[in-house]
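Below is one structure, written out as structure tokens, with a few remarks after it.
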Amino acid sequence: MSDPIWAIAIHGGAGPAHKEDYSEEIAHMRGVLKEAKRQLAKGGAALDVAQTAVRALEESGHHIAGRGASPNKDGKWELDAAIMDGDTRNAGAVGALRGFRSPIDCARTILDVSPHVFLVGKGASRFLKKRGLERVHNPSRYYKPSVQAAVESGELQHGTVGAVVLDSEGRLAAATSTGGLLNKQPGRIGDTPMIGAGTWADERVAVSCTGQGEYFIRCAASADLSARIRYNKSDLTNAAACVLEDISYLGGQGGLIAIDRLGRVTMPFNTISMKRGFATWRDELEVKVF
Ligand code: ASP
């Protein structure tokens, strides 16, 4: 019998480089992939593995997501996240969420127990508090923004985190979490939690995007990638390249990771760098920034 096929890709955001040495980020991302490999090799479910990987990236503080997120223009932390199960197309998402430690766990809770897909504002907080999701009571002490310098320049900095996974049962899942664009307007929600823009999974492909979210929303980027495979019969790499070409054509910057049912991975970006990596059943494991 042939080995079961499984694979995972993760990202830590696309953008200009804000330093030369990414060895800590690379080492941490390798650790995340090794743990995901372990889970997938023993039959872990794509949805769980995607959530666990993104939670670890949030907690690391290395990216503009979770602990490493930056505050908005008003000095408040508002975070976005989404998770989608390609097998059932169930999805959960939170937008401009304040005061919770793991936005991806919040999104997963919505997927699991809410009839809705996307919750924001006070209603989201009330719902999540009731379900006992871990809180951040003192944001200025908890958050350690991973990028400070570029706030003034208005430059896009890379930081959103994401994971796309194929498990040994052939199920696909995608998860994405972000602090959003640096110095963003209060109330601004990006592409990350919008199903079909920054996050998507179905029976063909799982996609997680990063970059200037407004462009990814306007291109319905992640759903478009799937549609190109479905209707256009494009292969994964070509479909992803065409989506990014659309983003570039509108003047947007960013990148994405995508994985298909055969465990093929593509990770295109049009920025200087994108923290990214993948691991597969073939014993491959690689992390790169440039
Ligand atoms: N896409 C994210 C947003 O627009 C930002 C990023 O990926 O860095 O909120």
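Values computed for the structure shown
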read-out: Residue list for the range 243-258, filter: touching a Ser or Thr at 6+ places or on another chain (Cβ under 7 Å) and within 25 Å of residue 166 (Cα to Cα); value: 254, 255, 256, 257, 258
read-out: Single condition residue 226 does not satisfy, out of (1) of a type in the set (S, T, N, Q); (2) in contact with a Ser or Thr (Cβ under 6 Å, 6 or more places away or on another chain); (3) closer than 13 Å to residue 207 by Cα; value: (2)
read-out: Test: residue in the range 233-250 that is touching a strand residue (DSSP E or B) at 6+ places or on another chain (Cβ under 9 Å) and in contact (Cβ under 8 Å) with a residue 40 or more places away in the chain; value: no
read-out: Matching residues in the range 5-22 - criterion: being of a type outside the set (Val, Ile, Thr) and closer than 20 Å to residue 163 by Cα; value: 6, 7, 9, 11, 12, 13, 14, 15, 22
read-out: Enumeration of residues in the range 177-203 that are more than 8 Å from the ligand (Cβ to nearest atom), assigned to a strand (DSSP E or B) and among the polar types (S, T, N, Q); value: 177, 199
read-out: When residues of the range 232-262 are limited to those that are surrounded by fewer than 21 Cβ atoms within 10 Å (Cβ to Cβ) and under 16 Å from residue 5 (Cα atoms), the one farthest from the chain's Cα centre (by Cα); value: 262
read-out: Pairs, first on the phi > 0 side of the Ramachandran plot in the range 171-184, second more than 8 Å from the ligand (Cβ to nearest atom) and acidic (Asp, Glu), C-beta under 9 Å, six or more apart; value: 180/78; 183/152
read-out: Whichever residue in the range 204-224 is more than 10 Å from the ligand (Cβ to nearest atom) and part of a strand (DSSP E or B) and, among such residues, is farthest from residue 79 (Cα to Cα); value: 205
read-out: Strands (runs of 3 or more DSSP E) completely within the range 1-109 that count 3 or more residues being modelled with pLDDT of 95 or more and more than 26 Å from residue 121 (Cα to Cα); value: 7-15
read-out: Tally of residues being surrounded by fewer than 13 Cβ atoms within 10 Å (Cβ to Cβ) and of a type in the set (S, T, N, Q) across the range 101-149; value: 3
read-out: Check on residue 109, more than 25 Å from residue 14 (Cβ to Cβ) and of a type in the set (S, T, N, Q); value: yes
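The values are calculated or read from the model by the stated rules, or taken from the named source; none is laboratory data. This one's a predicted model, so the numbers in the text were calculated from it and none came from an experiment. Counting neighbours? That spans all protein chains shown, and the Cβs are built from the backbone with ideal geometry, glycine included.
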